[in-house]
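Novice: Got a structure here, written out as C-alpha cells. Questions coming.
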Amino acid sequence: GWDGGDCCFSTCVSGNYSCGNNTDNTVVIGFPFCNDPSACIVPDFDAIGDAICNPVANTENCGWDGGDCCNATCVNTATASCGRVNGTIIGYPQCLDPNVCIAADVSVVGNGFCDNSTNKRSCDWDGGDCCAETCQSDTTSTCGYNADGSAIIGFEQCRDPAYEPTSADETCIVPDPSALGNGYCNTRNNTFYNTALCDWDGGDCCASTCVSTPAHLCGDSASNVSIGFPNCNDPDVCLAADPSIVGNGFCDNSTNKRSCDWDGGDCCAATCVSSANFSCGFNADKTAVTGFLRCLDPDHEPTAAGETCIVEDQFALGNGYCNTLNNTGYNTALCNWDGGDCCAATCESTDTQECGFSATNVSIGFANCRNPDICPVEGSPRLSDAVCDDDTYNNLLCGWDGGDCCESSCESTDNVTCGYGGVNGTTPIGFSRCRDPDNRPVVIPPGLANCSVDADTFELFANGICDNGLGGTEMFNTAVCAWDGGDCCAQTCVNPPESDPVCGLDTDDGSSIGFFCLDPSVMDPITDRNPSCQVPSHSFIGDGYCDGGRYNVHNCSWDGGDCCDDTCNSTTAYVCGQEGYDCQDPGAFDYGLCPNYDPKYKARTGNGVCDQSGASVAVRLNRAACDWDGGDCCPSTCNSTLCSSTIFWCNDPNASDYGTVGTCSVPFTSYLGDGACDEDGAYNTEACGWDGGDCCASSCVELVESSYTCGNRRFVCLDPNAPENAGVSNTSACQAAPASHVGDGYCDFDEPGFNRHRCGWDGGDCCPETCQDGNQYTCDQLLELLRDSGDPQYADVNNYSFCLDPNFRQTTTTASTTTVATTTTGTGTTTTGTGTTTT
C-alpha cells in the first residue's frame, strides 16, 4: 500500500509523525520517495488550487491542478484571479478536466434544441436536449424540432448511453407537449397529437380515455361546443353501439375484438360469465348449445359444445343439489360431475341445499354418483363395519370395504367379529375375499421352507438387491434361499418393474458395486468352460459388461464374449456396449476394430491428444486397431498444433521414438481436460497441462455431453500464466497457492497459508465485514456447505467461526467470561457489544 500512503503528499495523513518530515520531526524532507503511480507528484504542492493553471499539475491524479485550469472549477485566491497570468486575461485554453462542460455560450445547454458542440458527457449531453426522454422545451426552442421550429428532426443525435436515438417517426414530437391529455382533442394536420406515438393526444380523443381539465371539458370543441368523440382512433378503445352487450354472457361478433376485451370474455369458455338474460355457450334465446368456437382471445382455445362444460345455469354447479335431468350435461366429466354435487365425498352443502337431498328436501342419497374416481358408497355405514361386502364396496376406491375383507386391516366392532358374515354376522367366512394388495397375506413358497425368510422379510427376496449378510443385511444368498431369488448374479438378477434399476448398484448413491454370485447354476458352467481362467470373480464373465484386462483373454473366453459386439449378450444388470467394446477375440466379426467414438468423451484419433487410458473403452485408443491413436501418442508421428511434449506414450513399434514416455504420468489420461479439476495425484501439474486446463476458470472447457460442468468441482488454479494468477509472484508476501483462491469469496480455513496476516486473512474471505462475493462463490456459501455436510463439528458454525482478522474477530473464552466484539476503525477502537457467555 505504498507504506500506507506515507510517502506521497496526496495520500499521507499525519499521525505520530508529520507528513514530509524526517523521523524526529525536525527537518522537512518532502516526498522524494513517492513511487505510487496513482499519487499526485509535483515540485510545489502549494501551487495546486492557487487559481493559476500549472501544466505540470493539470492531471487527473492532481485533481486537474485543484481545478485551476477550468472556468467551472477554478476559485479566485487573495493573490491570483482565475483565467489570468500576471493580470492578463488568457481564459482557460488548458482546461483538460473531462467532467467540465466547455461551451462558448452556456445558455445553449438545456434550451430544448440539440447543439452538437455541447452534446457530450461533460455537458450532460447538451442538458438533455438531444434525447426524447430528457429534453424539455422552453420559450425559444421545441424539443425534436430544428432551430426555427419549422421542421421535425427527431432525436437521432441522442448520444446519452442511457437512452436510444429515435427518429421523427419513433417518438411523440408536438409543438406543445402540455396540450397532450388536456381534455381537448387536437386533430390539426401534421401535428401528430392524435397518433399512437402520442397516445392518441394523451387520451383526449376517446370517451373512455379522456379526462377533463379546468381548461377543457372532454368532448367539447375549442369553442366549448359539445361535439362528442368523432375522432376516436385508438384501436384499443371499445366502440360499441350498446355497451351493455359487452360481458352479458352472449357472444356478439361486433365486439369480439381485442379493444372490447373479446366481448368482455363472452366468447371463450374460460372467461364467460352467464347473466340473468343469457347463458354462456348458448344462443340468444337459450334454445340451442353453440359452444365457444368463436373464441378469438389468443390466451384461450376455441371449444366445441362437446369439449367443455356448457349448462343453462352455471350457478347450479356445486350448489349441493345433484342435477340429473336428461341431456342437461351437469352430471358429466366435463362439468366435474355437477361440481361434485352427486357424490358424498365431493358434495358440499350450501345455505339453500343439503347434500344428498332432492329439490323438495327428500333424502335420496347419492345413487347418481358417476365419478369413476370416487367411491360410490362413500359415507355408507357398511364401510368399516367388520363385515366384508360385495364388489360395490370391496374395491380400491372404497378402501377395500374400509378394510373389512382382510385380516390385517379389519377391526371388529361390539356386534360383529372380523371374518364372520351372514345376516347376523355369525357365519364364519374367513378372509378369502381379501383383495387389498397391501394387506394380502404373505405366502412363503414351499421351496423356501428351510430359508429364514418370514412374512416381514419376504419383501427383500428377489427384489434386485443382493442380501448377502454384509453390513447387517439379511443372508439370503444361499441354496436354501434360492440364492436370494437370483439377486446376487448379473445373469439372474431382475430389476423390479416400474422402478429405477437396482441390480448390482449401491442403494445409497446408485454407484456400481457388482455382484456376489455364488449360484452354482451360474458359476459352474462358467468355470467348466474356463478352467484355466484366473480372475477374482468368475461371475463377471458373460454378464454383459466388458471388464477388459485379464478377463478379456482367451483363457476366460474373452470375458465370456462381453467385449465384442458379435458375441456379447445383455443381462438385466448390463446392456452390451454401454461402456464400449474392446474386441480381442479373433473369431468375432468386430475383432481389431477401433472402439466407436463416445460423445461423452473427447477421445478422437489424430487430434493431437494422446488418448492412452480411462475407465471406458472409448478413451483407450493407443492401440494398433486405432493406428496408435492416429499417431497422437508418439512425438515423431503426431501431426497437430495440439501435440504435447509431456503427455505421450509411444507404443507404435514402427515409430522412431518407440518406447518413449512423456513426463505426465497419471492413471487415466481421459481425466485431462474433462471439465473437472483433479487436484489429487499428478494431474494438476505443468507436465499435465494443469489437468488439461480443468483447474482454472479461464482455461476450463466443457465437453458437450459430459457429466462434468466447469466449476462444479472447485477450481485449484496453479497455472502461473492463468489470468486469475496475473500479478502474483513467488516473491510476494502471500505464499498460499493457488493465489486465485485469495479474495474469491470462499474462506480457505482448512488450507495452510491462506487465513493469515500476510495473505490479508484470505483476502478478507473469512470475516463477514470484509468478504466480497466472487465469480464462483458467495460469502455465505461455505456456511451452507458445512451445515449441510452433517459433520457434528460444524453444527454450530457461524459467520465468525473462521474470522482471525484481529480487527473483526470475536473472542470467546471458556468458563463464564465477558465476550466483546471490537471493530478497529481509522481513528480508534469501538466496542460494539458486551455480554456474558458460558462455553
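The values are calculated or read from the model by the stated rules, or taken from the named source; none is laboratory data. What you see is a predicted model, and the numbers here were worked out from it, not measured in a lab. Here the Cβ positions follow ideal geometry from the backbone for every residue, glycine too, while neighbour counts run over all protein chains shown. In case anyone asks, the SASA skips ligands and DNA or RNA and just uses the protein heavy atoms, side chains included. Shrake-Rupley method; radii C 1.70, N 1.55, O 1.52, S 1.80 Å.
Novice: Just give me the residues in the range 126-145 being of a type in the set (D, E, K, R), open to solvent by 20 Å² or more (accessible area, probe 1.4 Å) and closer than 15 Å to residue 162 by Cβ, in sequence order.
Specialist: Once the filter is applied, which keeps residues that are of a type in the set (D, E, K, R), open to solvent by 20 Å² or more (accessible area, probe 1.4 Å) and closer than 15 Å to residue 162 by Cβ, the range 126-145 yields only 133.
Novice: Okay, next question. I'm checking my understanding of the structure. Among residues of the range 177-191 that are assigned to a loop (DSSP other than H, G, I, E, B) and without any contact (Cβ under 8 Å) to a residue 24 or more places away in the chain, which one is surrounded by the most Cβ atoms within 10 Å (Cβ to Cβ)?
Specialist: The extreme case among them is 186.
Novice: How about the range 84-129: which of its residues are modelled with pLDDT of 85 or more, part of a loop (DSSP other than H, G, I, E, B) and small (Gly, Ala, Ser)?
Specialist: 110, 112, 128
Novice: Within the range 268-312, track down each residue that is part of a strand (DSSP E or B) and either open to solvent by 50 Å² or more (accessible area, probe 1.4 Å) or not β-branched (Val, Ile, Thr) (or both).
Specialist: 282, 289, 292 - these are the residues of the range 268-312 that are part of a strand (DSSP E or B) and either open to solvent by 50 Å² or more (accessible area, probe 1.4 Å) or not β-branched (Val, Ile, Thr) (or both).
Novice: Another question, then. Being free of Cβ contacts under 8 Å to residues at least 12 places away in the same chain, under 25 Å from residue 54 (Cβ atoms) and either of a type in the set (A, V, I, L, M, F, W, C) or in a loop (DSSP other than H, G, I, E, B) (or both) is the filter here, so list the residues in the range 1-29 that pass it.
Specialist: Matches in the range 1-29: 13, 14, 18, 20, 28, 29.
Novice: So which residues in the range 192-204 are in a loop (DSSP other than H, G, I, E, B) and either modelled with pLDDT of 80 or more or β-branched (Val, Ile, Thr) (or both)?
Specialist: 193, 194, 195, 196, 197, 198, 203, 204
Novice: Are any residues in the range 455-478 in a loop (DSSP other than H, G, I, E, B) and open to solvent by 70 Å² or more (accessible area, probe 1.4 Å), and if so, which ones?
Specialist: If the condition is that a residue be in a loop (DSSP other than H, G, I, E, B) and open to solvent by 70 Å² or more (accessible area, probe 1.4 Å), then 456, 474 are the ones that fit.
Novice: Out of the range 594-652, which residues are among the aliphatic types (A, V, I, L, M) and either touching a helix residue (DSSP H, G or I) at 6+ places or on another chain (Cβ under 6 Å) or more than 22 Å from residue 701 (Cα to Cα) (or both)?
Specialist: Residues satisfying the conditions are 603, 617, 619, 621, 624, 625.
Novice: Hey, another quick one. With 724, 702, 679, 751 as the choices, which residue is more than 28 Å from the chain's Cα centre (by Cα) and either under 30 Å from residue 665 (Cα atoms) or buried (at least 20 other Cβ atoms within 10 Å of the Cβ) (or both)?
Specialist: 751
Novice: Still on this structure: Of all the residues that make up the range 604-618, how many are modelled with pLDDT of 85 or more and either crowded, with 22+ Cβ neighbours inside 10 Å or out of contact with any Gly (no Cβ under 6 Å at 6 or more places or on another chain) (or both)?
Specialist: The total comes to 8.
Novice: In addition: Applying the selection to the range 634-693, what residues are within 17 Å of residue 619 (Cβ to Cβ) and assigned to a helix (DSSP H, G or I)?
Specialist: Selection gives 669, 670, 671, 689, 691, 692.
Novice: Please pick out the residue among 259, 226, 208 that is open to solvent by 80 Å² or more (accessible area, probe 1.4 Å) and touching an Asp or Glu at 6+ places or on another chain (Cβ under 6 Å).
Specialist: Sole residue among the options that is open to solvent by 80 Å² or more (accessible area, probe 1.4 Å) and touching an Asp or Glu at 6+ places or on another chain (Cβ under 6 Å): 226.
Novice: If we keep just the residues of the range 93-119 that are surrounded by fewer than 18 Cβ atoms within 10 Å (Cβ to Cβ), out of contact with any helix residue (DSSP H, G or I) (no Cβ under 7 Å at 6 or more places or on another chain) and of a type outside the set (A, V, I, L, M, F, W, C), which is nearest to residue 152 (Cα to Cα)?
Specialist: Among residues in the range 93-119 that are surrounded by fewer than 18 Cβ atoms within 10 Å (Cβ to Cβ), out of contact with any helix residue (DSSP H, G or I) (no Cβ under 7 Å at 6 or more places or on another chain) and of a type outside the set (A, V, I, L, M, F, W, C), the one nearest to residue 152 (Cα to Cα) is 116.
Novice: Just one of (1) over 30 Å from residue 273 (Cβ atoms); (2) open to solvent by 50 Å² or more (accessible area, probe 1.4 Å); (3) without any contact (Cβ under 8 Å) to a residue 24 or more places away in the chain; (4) among the small types (Gly, Ala, Ser) trips up residue 244, so point out which.
Specialist: (1)
Novice: Another question about this same structure. If we scan the range 266-275, do we find a residue that is in contact with a strand residue (DSSP E or B) (Cβ under 9 Å, 6 or more places away or on another chain), among the aliphatic types (A, V, I, L, M), more than 18 Å from residue 341 (Cβ to Cβ) and without any contact (Cβ under 8 Å) to a residue 60 or more places away in the chain?
Specialist: Yes, because at least one residue in the range 266-275 is in contact with a strand residue (DSSP E or B) (Cβ under 9 Å, 6 or more places away or on another chain), among the aliphatic types (A, V, I, L, M), more than 18 Å from residue 341 (Cβ to Cβ) and without any contact (Cβ under 8 Å) to a residue 60 or more places away in the chain.
Novice: Would you please name the residue that is farthest from the chain's Cα centre (by Cα), looking only at residues in the range 554-600 that are surrounded by 22 or more Cβ atoms within 10 Å (Cβ to Cβ) and not in a loop (DSSP other than H, G, I, E, B)?
Specialist: For the range 554-600, the residue satisfying everything is 556.
Novice: Which one of these is part of a loop (DSSP other than H, G, I, E, B), open to solvent by less than 90 Å² (accessible area, probe 1.4 Å), polar (S, T, N, Q) and in contact with a Gly (Cβ under 6 Å, 6 or more places away or on another chain): 346, 332, 324?
Specialist: 346
Novice: Quick one: what pairs do we get from the range 678-696, first residue under 18 Å from residue 643 (Cβ atoms) and free of Cβ contacts under 8 Å to residues at least 24 places away in the same chain, second of a type in the set (Lys, Arg) and not in a loop (DSSP other than H, G, I, E, B), C-beta under 7 Å, 6+ apart or different chains?
Specialist: Close Cβ pairs satisfying both conditions: none exist.
Novice: Would you call residue 395 within 30 Å of residue 346 (Cα to Cα) and either touching a residue at least 40 places away in the same chain (Cβ under 8 Å) or open to solvent by 20 Å² or more (accessible area, probe 1.4 Å) (or both)?
Specialist: yes
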